[in-house]
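Have a look at the structure below, then the notes.
The values are calculated or read from the model by the stated rules, or taken from the named source; none is laboratory data. The structure presented is a predicted model; accordingly, all values stated were derived computationally and were not measured. Heads up, the Cβs are rebuilt from the backbone with ideal geometry, glycines too, and the neighbour counts pull from every protein chain shown. Surface areas here come from the heavy atoms of the whole protein model, side chains and all, with no ligands, DNA or RNA. Shrake-Rupley method; radii C 1.70, N 1.55, O 1.52, S 1.80 Å.
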Amino acid sequence: MTKGKLIIISSPSGGGKGTLIKEVRDLLPDMGYSCSHTTRPKRFGEEEGREYFFIDRKEFERRIKGGDFLEYATVHGNLYGTSLTESNKVANSGKDLIVEVDVQGALSIMERKRDDSISIFILPPSFEVLRARLTSRATEDAAELHTRLKNSFAEVMQYVNFDYVIVNEHLTTAAQQIAAIITANRQSRDRQRDAIRSILDSFDAARHLFEGE
Ligand code: 5GP
């Protein structure tokens, strides 16, 4: 079976990735999703195993040593990582897998899995919009908000490393654009090898109908 692709989605914090990914999964329900692990404290409204698996630093470090992560990174002072087992399971099932990672995580996956991945960078329409989004979700205290905004300057410049850039101005449009990228890639000749082979087999089987003509 042709393997699925890793769809790497990255953006500065507050870029709106989370909501956008939910929307993309509604448009393409056959996408796989891997829930990350983090040492960050759970926010109000978040659920274990839905947004993240929340583990402490000791457990995270134990898992790093055990080679449990496809990638991991320290983001705004907390550790975040994508499970290797979970991501391999999805890829081997032939499904595409969305991985939502910060730019360091994205670069680390691209280094090792260039041919197996499609990287998409989400840009906010402007700094002001990013600031407004981060402020209005009110999930961070003032110091944390400051760190995230400050880090966003270096993060936006990373767009150069990605295959695609989406400006997240209107949620529905941005989600449709991401779904279009994923759908187009599924139609590539390489990924349709198996389907094409069985179609051509049917032509081979029917060739005798025209023998002698
Ligand atoms: P938040 O704390 O706002 O949920 O996420 C902070 C940052 O960590 C975001 O940029 C998010 O994309 C990133 N992130 C979430 N999961 C992972 C992961 O598994 N690996 C890496 N490298 N970054 C992650």
Boolean, residue 33 is among the hydroxyl-bearing types (Ser, Thr, Tyr) and open to solvent by 50 Å² or more (accessible area, probe 1.4 Å): yes
Any hit, segment 37-53, residues being part of a helix (DSSP H, G or I) and modelled with pLDDT of 95 or more: no
Residue match in segment 58-69 (condition: open to solvent by less than 10 Å² (accessible area, probe 1.4 Å) and either more than 10 Å from the ligand (Cβ to nearest atom) or acidic (Asp, Glu) (or both)): yes
Every residue from segment 8-36 that is assigned to a loop (DSSP other than H, G, I, E, B), over 20 Å from residue 108 (Cβ atoms) and within 10 Å of the ligand (Cβ to nearest atom): 14
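Kindly evaluate residue 113 against the criterion of being open to solvent by 10 Å² or more (accessible area, probe 1.4 Å), part of a helix (DSSP H, G or I), away from the ligand (no atom under 12 Å from the Cβ) and touching a residue at least 24 places away in the same chain (Cβ under 8 Å).
Judged against the criteria, residue 113 is a match.
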Looking only at segment 168-185, and only at residues there that are open to solvent by less than 70 Å² (accessible area, probe 1.4 Å) and in contact with a helix residue (DSSP H, G or I) (Cβ under 8 Å, 6 or more places away or on another chain), the one that is nearest to residue 22 (Cα to Cα): 175
Looking only at segment 92-110, and only at residues there that are open to solvent by 60 Å² or more (accessible area, probe 1.4 Å) and assigned to a helix (DSSP H, G or I), the one that is nearest to the ligand (Cβ to nearest atom): 104
Where a residue in segment 1-25 is under 25 Å from residue 151 (Cα atoms) and its partner, wherever it lies, is basic (Lys, Arg) and open to solvent by less than 40 Å² (accessible area, probe 1.4 Å), with Cβ under 7 Å and at least six apart: 9/17; 11/17; 13/148; 14/148
Filter result for residue 148 (among the basic types (Lys, Arg) and within 21 Å of residue 121 (Cα to Cα)): yes
